[in-house]
Amino acid sequence: MRKRVPISEIMTKKVITLSTLDDLTTAEELFKKNNIRHMPVTENNKVIGMLSYTDLLRISFADAVDEHEQHVDTMVYNMFTIEQVMAKDVICVSSKATVQEVAAFLAKKEFHALPVVDNDKLVGIVTTTDLINYLLAQY
C-alpha cells in the first residue's frame with residue numbers, strides 16, 4: 001500500500017452543493033438524482049454547512065418512500081430551511097491531507113463525509129465510500 005497518498009487523489013472533485021436559498025425538496029431531489037448522501041452548503045464557494053440525506057430522514061417520512069423515486073412530495077420540508085437542518089460546525093480537510101490522516105479522523109468521529117477546502121475554497125469532498133473504494137483497489 002502506498003504511503004502519504006494525498007486525499008486529492010481519491011476525493012470527488014465535481015461536488016454537488018446547496019445554498020441556504022435552496023429548499024429541502026430540492027436537496028432531496030439532488031440526493032436521489034445523483035445517488036449521493038452528503039452535500040456541502042456553500043456561500044460564495046465557502047463551506048458554511050453540510051447536509052446529509054440522514055438529516056432529511058430525521059425530519060420527514062422520506063424513509064417510507066422509495067429512495068429511487070425521483071418525485072418528492074413531503075409537506076414537512078416546507079416547515080424547515082436548509083440552514084435549520086444542516087450541520088453548521090463543519091470540519092474541513094486540505095487536499096494535501098493524507099488518506100491515512102483522513103481515515104483516522106473519520107474513524108474517531110461520527111462523520112461520513114468531509115469537505116476538502118484549500119484557501120477557503122471548496123475543491124472536493126471525501127466520503128467513507130471513497131476511502132473504502134481506495135482500500136479495495138489496493139488488494
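Here, each number is a calculation from the coordinates, and none is a lab measurement. These figures come from a predicted structure and were not determined experimentally. With ideal geometry, Cβ positions are generated from the backbone for all residues, glycine too; neighbour counts draw on all protein chains shown.
Restricting the calculation to Cα positions, tell me the Rg (one decimal) and the Dmax (whole number) of the chain in Å.
15.6, 49
Any of LYS88/LYS121; LYS33/LYS96; LYS14/LYS46; LYS13/LYS109; LYS13/LYS96; LYS33/LYS88 with alpha carbons more than 21 Å apart? Name them for me. Display every interim value, and only then the final one.
On the way: LYS88/LYS121 17 Å; LYS33/LYS96 30 Å; LYS14/LYS46 15 Å; LYS13/LYS109 23 Å; LYS13/LYS96 14 Å; LYS33/LYS88 24 Å.
Flagged as over cut-off: LYS33/LYS96; LYS13/LYS109; LYS33/LYS88.
For the chain, take the longest principal axis of its alpha carbons; what is the angle in degrees between that and the long axis of helix 99-108, to the nearest 10 within 0 to 90?
50 degrees
For n ≥ 4 DSSP H runs only, could you compute -39500 (n - 2.57) per run for the chain, divide by its residues and tell me the 222 nm figure to the nearest 500?
-8500 deg cm²/dmol
With axes computed from alpha carbons, what is the tilt in degrees of helix 24-34 against the longest principal axis of the chain, rounded to the nearest 10 within 0 to 90?
50 degrees
Using the crude model of +1 on Lys and Arg Cβ and -1 on Asp and Glu Cβ, and no other charge, please compute the dipole size for the chain relative to its Cα centre, in debye to 20. Present the calculation step by step, with values, prior to reporting the outcome.
On the way: 15 positive and 19 negative charges, 186 e Å.
Around 900 debye, computed over the chain.
Helix 128-137 versus the longest principal axis of the chain: what angle, 0 to 90°, nearest 10, using Cα atoms?
40 degrees
Among DSSP bridges having both ends in region 7-137, what percentage is antiparallel? Round to the nearest 5.
That works out to approximately 90 percent antiparallel.
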